[in-house]
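Step one of this worksheet: look at the structure below.
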Amino acid sequence: MKPGTITFALVALFSIRAWAQGPEQIQKNDVTAILARDAAIDAHLVKAREAAGFDFTGTLARLCVAPARFPLVVRDAAPNAQVPARNTWYIDPAKIFDNLYFVGSKIHNSWALVSSEGIIILDTLFTYNSEEEIVGGLKKLGLDPLQVKYVIITHAHGDHVGGAKLLQDLSHAKIVMGAPDWDSIERSVNGYPAGKPKRDITADDGQKITLGGTSVTVVTTPGHTPGTLSMIFNVKDNGKPLTVVYSGGTAFNFPSTGPNFDIYARSQAKLAAAAAAAGATVFLSNHSEFDNAVAKIRMIASRKPGEPHPFEIGKEAIARYFILGQECAAAAKLRFSDAP
């Protein structure tokens, strides 16, 4: 029998079955399937809510309560038509740990990890505010922007890669990024009106970026973008060593397909395992929405001797954060189950 005949025969068979069932039976089957899917979604949402507790309400809201659905084709970003008012994004820089400083904005985070031989910057905000927040912030903190030796970009979205070219031009810093995200920058037509950073270091899984005895271990976590990078590194709190896990991409702003949600969930599990193996007790990200950076910075200012550090949330809470991501991804996959 020819392939076309087989296909025709299968279509005819399913048509006969559907006709034999009748409209009422078909509708009943559809309702049963929908109820089963909704029950499975609810089960994932309950697990996500339990994992979030009161620690990660922002992440729960973004990923589980109101996840956005994105089309199968994502267009190149257009340049910002208007710079937001300064009071909507500006915030003073702050010392977070002995060797880690916040040079971000009210919504987007940028961090300066200081070593004996220079500075490693983690993420670089937008083009419009990176000079004031990062360069100006370093100066306010008594740090020299010309000592920035490495810039690690978690992913090539405009709110994190915007200041990369500025720092590359200013201090000749080496820019570290995942290969797929370097590729996306090079393909971009509209996304970099002020110029693109030139391709520099392409990060590999497990790669260490080391400067003056300070090392940042790269963990590739595709999902948010194909080349998203996360990190593990050490800081000190009044001399006490602590391990940080830095989540490089959180929201579901990728094409809403089942395989993409699976990739995201696997990366969450991978980073959870890396954090557990490293004994991480501090959680950071590149959005205050997810790590509550701005609120915790205020808490540091009033911290009394002997009180725990606001950013040190413990191994158990960190494990729950990544369970939250996996459960929300599973729920979103079911919600958008009509996508391939």
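Brief remarks on what is shown
- Residues satisfying the stated conditions in the stretch 169-217, i.e. closer than 24 Å to Val135 by Cα and hydrophobic (A, V, I, L, M, F, W, C): Leu170, Ala173, Ile175, Val176, Met177, Trp182, Ile185, Ala194, Ile201, Ile209, Leu211, Val216
- Matching residues, the stretch 226-240, being surrounded by 17 or more Cβ atoms within 10 Å (Cβ to Cβ), part of a strand (DSSP E or B) and of a type outside the set (Val, Ile, Thr): Leu229, Ser230, Met231, Phe233, Asn234, Asp237
- For the stretch 255-340, the helices (runs of 4 or more DSSP H) that sit wholly inside it and include 1 or more residues that are over 21 Å from Asp237 (Cβ atoms) are 258-278, 288-291, 315-335.
- Filtered residues of the stretch 277-316 (kept if basic (Lys, Arg) and within 20 Å of the chain's Cα centre (by Cα)): Lys296, Lys315
- Residue count for the stretch 159-217, restricted to those that are of a type in the set (Ser, Thr, Tyr) and part of a strand (DSSP E or B): 5
- The lone criterion from (1) within 21 Å of Val114 (Cα to Cα); (2) out of contact with any helix residue (DSSP H, G or I) (no Cβ under 8 Å at 6 or more places or on another chain); (3) of a type in the set (Asp, Glu) left unmet by Glu131 is number (2).
- Flag for Thr217 being of a type outside the set (A, V, I, L, M, F, W, C), at pLDDT 95 or above and either buried (at least 24 other Cβ atoms within 10 Å of the Cβ) or closer than 20 Å to Gly162 by Cβ (or both): no
- When the stretch 279-293 is filtered for residues that are free of Cβ contacts under 8 Å to residues at least 60 places away in the same chain and either surrounded by fewer than 22 Cβ atoms within 10 Å (Cβ to Cβ) or of a type in the set (Asp, Glu) (or both), the ones remaining, listed by number, are Gly279, Thr281.
- Qualifying residue in the stretch 116-139 (condition: among the small types (Gly, Ala, Ser) and touching a strand residue (DSSP E or B) at 6+ places or on another chain (Cβ under 7 Å)): yes
- Where a residue in the stretch 294-305 is closer than 15 Å to Asn109 by Cβ and its partner, wherever it lies, is assigned to a loop (DSSP other than H, G, I, E, B), with Cβ under 7 Å and at least six apart: Val294/Ile91; Val294/Lys106; Lys296/Pro310; Lys296/Phe311; Ile300/Pro310
- Filter result for Ala265 (within 25 Å of Pro67 (Cα to Cα), in contact with a helix residue (DSSP H, G or I) (Cβ under 6 Å, 6 or more places away or on another chain) and without any contact (Cβ under 8 Å) to a residue 60 or more places away in the chain): no
- Restricting Ala36, Ala51, Ala94 to residues that are over 24 Å from Gly158 (Cα atoms), of a type in the set (Gly, Ala, Ser) and either touching a Phe, Trp or Tyr at 6+ places or on another chain (Cβ under 6 Å) or modelled with pLDDT under 95 (or both) narrows the list to Ala36.
- Residues in the stretch 115-152 that are in a strand (DSSP E or B) and either surrounded by fewer than 22 Cβ atoms within 10 Å (Cβ to Cβ) or free of Cβ contacts under 8 Å to residues at least 12 places away in the same chain (or both): Ser115, Gly118, Lys149.
The values are calculated or read from the model by the stated rules, or taken from the named source; none is laboratory data. Quantities reported herein were computed from a predicted structural model and do not represent experimental measurements. Methodologically, a virtual Cβ is constructed for each residue, glycine included, from the backbone with ideal geometry; neighbour enumeration extends over all protein chains shown.
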